[in-house]
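Enquirer: I'd like to ask you about the structure that follows.
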Amino acid sequence: MSVIKESIDIDRRPEDVFSYVTDPSHMPEWQESAVSATKLGDAPLAVGSKVKVTRRIGRREMPMTMQVSELDPPRSWRIDGIDGPVRGHVKGTIEPIGDGERSRVTLALDFESHGIGKLLVPLVVRPNVRKEMPRNEQHLKDVLEASA
């Protein structure tokens with residue numbers, strides 16, 4: 001199946017956008033399905049850091065663990081699901097626009113499925129994400145531009 005990819009332009013500097021989107025505690029503020037997100041451990045976010053995320057999928061809340069596999073401030077990051085029947089793989093990039101006071105954020109999301117996830121991904125997860133991802137990016141834009 002193909003990667004789900006969306007972009008949006010935000011009137012904030014890449015450093016500001018990167019700092020916000022890579023802070024797991026902000027996930028529920030801009031991602032509709034994110035109920036909670038907490039970085040595990042006390043060290044600063046780095047490659048190898050793990051994040052416990054609970055997402056609402058349909059009527060159920062599903063906890064999952066994700067691991068940071070790339071962190072290149074303020075340009076890109078990658079976080080990968082490492083447990084559960086549905087494992088998301090998210091690649092984010094931030095490009096400066098114009099004089100560097102604006103940013104183009106691109107999120108690319110793909111899934112790996114195990115067990116019951118082989119049914120959930122095509123029937124429930126992908127259709128929901130295709131609808132939710134543009135709204136999430138609009139929420140991200142609204143939150144960041146309001147706090148500028």
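The values are calculated or read from the model by the stated rules, or taken from the named source; none is laboratory data. Quick caveat, the model's predicted, so the values are computed rather than measured. As a convention, Cβ positions derive from the backbone with ideal geometry for all residues, glycine included, and neighbour counts pool all protein chains shown. Just the protein is used for accessible areas: all its heavy atoms, side chains included, with ligands, DNA and RNA removed. Shrake-Rupley method; radii C 1.70, N 1.55, O 1.52, S 1.80 Å.
Enquirer: For segment 1-133, with only Lys/Arg (+1) and Asp/Glu (-1) charged at the beta-carbon, what is the dipole magnitude about the Cα centre, in debye rounded to 20? Please list the in-between numbers first.
Expert: Values: 20 positive and 20 negative charges, 141 e Å.
Dipole of segment 1-133, to the nearest 20 debye: 680 debye.
Enquirer: Within segment 19-64, which trypsin sites (Lys or Arg not before Pro) sit in a loop by DSSP and count at most 12 neighbouring Cβ atoms inside 10 Å? Don't skip to the answer; put the middle values down first.
Expert: Working: sites: Lys39, Lys50, Lys52, Arg55, Arg56, Arg59, Arg60; in loops: Arg59.
Answer in residue order: Arg59.
Enquirer: In Å², and per residue, what accessible area does the chain have when probed at 1.4 Å with the other protein chains present?
Expert: Working: 7830 Å² over 148 residues.
Ligands and nucleic acids excluded, the result is 53 Å² per residue.
Enquirer: Using the Cα centre of segment 6-56 as origin and beta-carbon charges of +1 (Lys, Arg) and -1 (Asp, Glu), tell me which of Ser7, Val47, Ser19 is placed farthest towards the positive end of the dipole.
Expert: Val47
Enquirer: Explain nothing, just compute: Karplus ³J(HN,Hα) = 6.51 cos²θ - 1.76 cosθ + 1.60, θ = phi - 60°, for every residue of segment 90-104 in order, whole Hz, x for Gly and Pro.
Expert: For segment 90-104, the Karplus-derived couplings read 10, 10, x, 10, 10, 10, x, 10, x, 7, x, 8, 10, 9, 10 Hz, x marking Gly and Pro.
Enquirer: Where does helix 126-146 land angle-wise versus the long Cα axis of the chain, in degrees 0 to 90, nearest 10?
Expert: 30 degrees
Enquirer: Share of segment 16-77's accessible area from carbon and sulfur, percent, 1.4 Å?
Expert: On segment 16-77, the fraction of accessible area on carbon and sulfur atoms equals 50 percent.
Enquirer: Right, something else. Quick check: residue separation of Glu15 and Arg130 times 0.36 nm, minus the Cα distance between them. What number comes out in nm? Write down the numbers at each step before the final one.
Expert: Values: separation 115, 0.36 × 115 = 41.40 nm, distance 2.70 nm.
That works out to 38.7 nm of additional length.
Enquirer: Here is a further query. Say the dipole of segment 38-140 comes from +1 at the beta carbon of Lys and Arg and -1 at that of Asp and Glu; which of His89, Ser76, Val129 then lies farthest toward its positive end?
Expert: The one lying farthest along the dipole's positive direction is Val129.
Enquirer: If you don't mind, another one. What value, in deg cm²/dmol to 500, does the helix sum -39500 (n - 2.57) over DSSP H runs of n ≥ 4 give at 222 nm once divided by the residues of the chain? Provide the component values of the computation, followed by the final result.
Expert: Details: 4 runs with 37 residues, N = 148.
That comes out to -7000 deg cm²/dmol.
Enquirer: At a Förster distance of 22 Å, what's the computed FRET efficiency of Glu101 paired with Val47, Cβ-Cβ distance as r, to 0.05?
Expert: Values: r = 29 Å, r/R0 = 1.30.
It comes to 0.15.
Enquirer: For segment 56-148, just list the percent of Cα-Cα distances falling in each 5 Å bin from zero outward, please.
Expert: All Cα pairs considered, the percentages come to 3, 11, 18, 22, 19, 13, 8, 4, 2, 0.
Enquirer: While we're on this one: Pop a pseudo-label 7 angstrom from the Cα along the beta-carbon direction at both Glu29 and Val143 and give the gap in nm to one decimal.
Expert: Here the modelled spin labels are 0.6 nm apart.
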